[in-house]
Amino acid sequence: MPQDTPAAARDASWLARNAVDSLPDGALAAKLEEAARLGRPMRVKFGIDPTAPDIHLGHAVVLGKLREFQDAGHVVVLIIGDYTARVGDPSGRSTLRPMLSGEEIDANSATFQEQALRILDSDPRKLEVRRNGEWLDMPMIDLLSLVRTTTVAQLLEREDFAKRWSAEEPISILELLYPLLQGYDSVAVDADVELGGTDQKFNLLLARDIQRHYGRAQQAIMTMPILAGTDGKRKMSKSLGNQIGVTDPPGEMFGKAMSIPDEAMEEYYRLLLDSRSPEGSTLEAGKLQGSSARDAKRRLAHQLVAWLHSEQAAQDAEQEWDRVFAQHELPQEIADAALPAGETVHVPALIAEEFGISRSEARRLLEQGGVWLGEEQLGGEDQDVAVSRADGQVLRVGRRRFRRLKAS
RNA sequence: GGCGGGGUUCCCGAGCGGUCAAAGGGGCGUGGCUGUAAACCACGUGGCUCUGCCUUCGAAGGUUCGAAUCCUUCCCCCGCCA
């Protein structure tokens, strides 16, 4: 191993902050030192699965870290797993992921790239986008030489495989193959470093073995923590409905950020804002109470919007949020809803129409006092309301759905 | 190939001939409290022209006055043995 220069060691420890693992010890510093010595940037690999195109803040943790590498002058190699997606990854649970068509994958990949570029630097000297179909669509003979790099016992070391093995649950060959294919990606793109979530640790490490078998330099690996969703408990994921998307509109992003539990704030600050917020890492969990906690969360929400949209958008979103949720005033902009012709409006029908819920659900909301007309709370008996009474009023359903009613 | 277990409403999961739109929990929603936090309380959570009607318990048939519950065939999942 080459001698670390102090500068490389310092850079390595800066880049590795917040990471769960940076392995092997000293490898990142050595890579940095080597890159500096050869006068070339490091190639930092990150693979994504184009089955679910929407990027949320959970992805943003790793993407933000990749951005730090870019800002330090290195190249991010973004690998779109188009080939692996086409096969269908059964990883983890019993449900097979659906196989996607070429068109879906293309569409998802495009969406993903566009969203990732909100965080990554798109400068072609700092970003390389590749598809693993470029090299994984290989002849059987090549696949066989890939699979001979690894034994079943090695694969069974992975925690989830080990668990399922001892519980006598099924493990498909395809699943076993995935780490190998992913590892081969590292060979194909000559990765110096690979990043991923902590759930990727095994795969990232296995890629090192595969690189060695192919006579390549072995990558350093770094794993980032998994961000909790807006419920503060389970990991952020679209299927759990607890995600904040990086392309969510400012108002929505602000609101969702305000709804996270206090305990999750510290983590959000640290993992998402730490390199761009002066107070980020100084926020101490558990120290905040009452209004100071609320204010800290406001700053969190503000900074997230400022990061992913703009400072102006953040100011607007905060102001609007204040209006509606702190001062309980009406939003600045309310969409119009045309009242049907006639003497009376059937309120459940109107709500169902405007907000895309069923009439039954609208009726329940009405009965439970979730519907207001102007200042007046409607009840179960107010199914039909005179048009003259509704015209010009603001209809509010629940806390956040508004329409200004206009007679037609 | 043989043997066995299983597919229930968003999820888990009870039901095993009528009293079942289907227990219980989770999640979610609404109201209260409040900081769109937590905790807590209440109510709700298939649809509709709503004291009733319609559709739902993997699919299709059948038995029955009546089926999520019984029978037949099919599809799918899981385990064991080979």
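Residue by residue, here is whether (1) crowded, with 22+ Cβ neighbours inside 10 Å; (2) of a type in the set (A, V, I, L, M); (3) assigned to a helix (DSSP H, G or I); (4) within 12 Å of RNA strand B (Cβ to nearest atom) holds:
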position: A:S186; (1), (2), (3), (4): yes, no, yes, no
position: A:D199; (1), (2), (3), (4): no, no, yes, no
position: A:A217; (1), (2), (3), (4): no, yes, no, no
position: A:M222; (1), (2), (3), (4): yes, yes, no, no
position: A:K233; (1), (2), (3), (4): no, no, no, yes
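Taking into account only those residues within region A:342-363 that are part of a loop (DSSP other than H, G, I, E, B) and over 34 Å from the mean Cα position of the chain (by Cα), which is nearest to RNA strand B (Cβ to nearest atom)?
Applying the filter and picking the extreme gives A:G342.
When you look at A:E311, is it at pLDDT below 90, out of contact with any strand residue (DSSP E or B) (no Cβ under 7 Å at 6 or more places or on another chain) and either surrounded by fewer than 13 Cβ atoms within 10 Å (Cβ to Cβ) or farther than 17 Å from A:Q383 by Cα (or both), yes or no?
So A:E311 fails the test.
Looking at region A:374-388, can you tell me whether even one residue there is within 15 Å of RNA strand B (Cβ to nearest atom), touching a residue at least 24 places away in the same chain (Cβ under 8 Å), closer than 24 Å to A:D316 by Cβ and touching a Pro at 6+ places or on another chain (Cβ under 8 Å)?
No: zero hits.
Taking the criterion of being within 12 Å of RNA strand B (Cβ to nearest atom), touching a Leu at 6+ places or on another chain (Cβ under 9 Å) and outside the structural domain of A:H302 (by TED's automatic domain parsing), would at least one residue in region A:333-341 satisfy it?
No, that holds for no residue.
Based on what the data block shows, is A:R399 near RNA strand B (Cβ under 8 Å from one of its atoms), touching a residue at least 60 places away in the same chain (Cβ under 8 Å) and more than 30 Å from A:D274 (Cβ to Cβ)?
For A:R399, the condition - near RNA strand B (Cβ under 8 Å from one of its atoms), touching a residue at least 60 places away in the same chain (Cβ under 8 Å) and more than 30 Å from A:D274 (Cβ to Cβ) - is met.
Using the structure shown, decide if A:E252 is in a helix (DSSP H, G or I) and either in the same structural domain as A:I119 (by TED's automatic domain parsing) or in contact with a Leu (Cβ under 6 Å, 6 or more places away or on another chain) (or both).
no
Checking the structure you have, find out if any residue of region A:235-248 is among the acidic types (D, E) and either away from RNA strand B (no atom under 12 Å from the Cβ) or over 12 Å from the mean Cα position of the chain (by Cα) (or both).
Scanning region A:235-248, I find no residue that is among the acidic types (D, E) and either away from RNA strand B (no atom under 12 Å from the Cβ) or over 12 Å from the mean Cα position of the chain (by Cα) (or both), so the answer is no.
Would you confirm whether or not region A:145-156 contains a residue that is at pLDDT below 85 and not in a helix (DSSP H, G or I)?
Yes, region A:145-156 contains a residue that is at pLDDT below 85 and not in a helix (DSSP H, G or I).
Could you tell me which of the residues A:K256, A:K238 is touching a strand residue (DSSP E or B) at 6+ places or on another chain (Cβ under 8 Å), in contact (Cβ under 8 Å) with a residue 24 or more places away in the chain and over 24 Å from A:R17 (Cα atoms)?
Result of the check over A:K256, A:K238: A:K238.
In the set A:L288, A:L366, which member is outside any helix (DSSP H, G or I) and either modelled with pLDDT under 90 or surrounded by 12 or more Cβ atoms within 10 Å (Cβ to Cβ) (or both)?
A:L288
Within the bounds of region A:375-385, is there any residue that is more than 27 Å from A:P250 (Cα to Cα) and crowded, with 18+ Cβ neighbours inside 10 Å?
Yes: region A:375-385 contains one or more residues that are more than 27 Å from A:P250 (Cα to Cα) and crowded, with 18+ Cβ neighbours inside 10 Å.
From the list A:L177, A:L181, A:L206, exactly one residue is closer than 15 Å to A:G81 by Cβ, in the same structural domain as A:L155 (by TED's automatic domain parsing) and modelled with pLDDT of 90 or more. Which is it?
From the options A:L177, A:L181, A:L206, the qualifying one is A:L181.
Check A:A85 against each of (1) under 22 Å from the mean Cα position of the chain (by Cα); (2) farther than 21 Å from A:D209 by Cα; (3) surrounded by 20 or more Cβ atoms within 10 Å (Cβ to Cβ); (4) at pLDDT 80 or above and name the one condition it does not meet.
(4)
Filter region A:33-74 for residues that are charged (D, E, K, R) and touching a Gly at 6+ places or on another chain (Cβ under 7 Å); which is surrounded by the fewest Cβ atoms within 10 Å (Cβ to Cβ)?
Once the filter is applied, the top-ranked residue is A:D54.
Let me spell it out: the conditions are (1) among the hydrophobic types (A, V, I, L, M, F, W, C); (2) at pLDDT 90 or above; (3) farther than 13 Å from A:L57 by Cα; (4) surrounded by 14 or more Cβ atoms within 10 Å (Cβ to Cβ), and A:L283 meets all of them except one. Which number is the exception?
Evaluating A:L283 over (1) among the hydrophobic types (A, V, I, L, M, F, W, C); (2) at pLDDT 90 or above; (3) farther than 13 Å from A:L57 by Cα; (4) surrounded by 14 or more Cβ atoms within 10 Å (Cβ to Cβ) leaves (2) as the failure.
Select, from A:L366, A:L330, A:L300, the only residue that is out of contact with any strand residue (DSSP E or B) (no Cβ under 7 Å at 6 or more places or on another chain), within 24 Å of A:K256 (Cβ to Cβ) and among the aliphatic types (A, V, I, L, M).
Criteria check complete, one pass: A:L300.
The values are calculated or read from the model by the stated rules, or taken from the named source; none is laboratory data. Since the model is a prediction, treat every value here as computed from it, not as a measurement. Please note: Cβ atoms are built from the backbone with ideal geometry, for glycine as well, and neighbour counts cover all protein chains shown.
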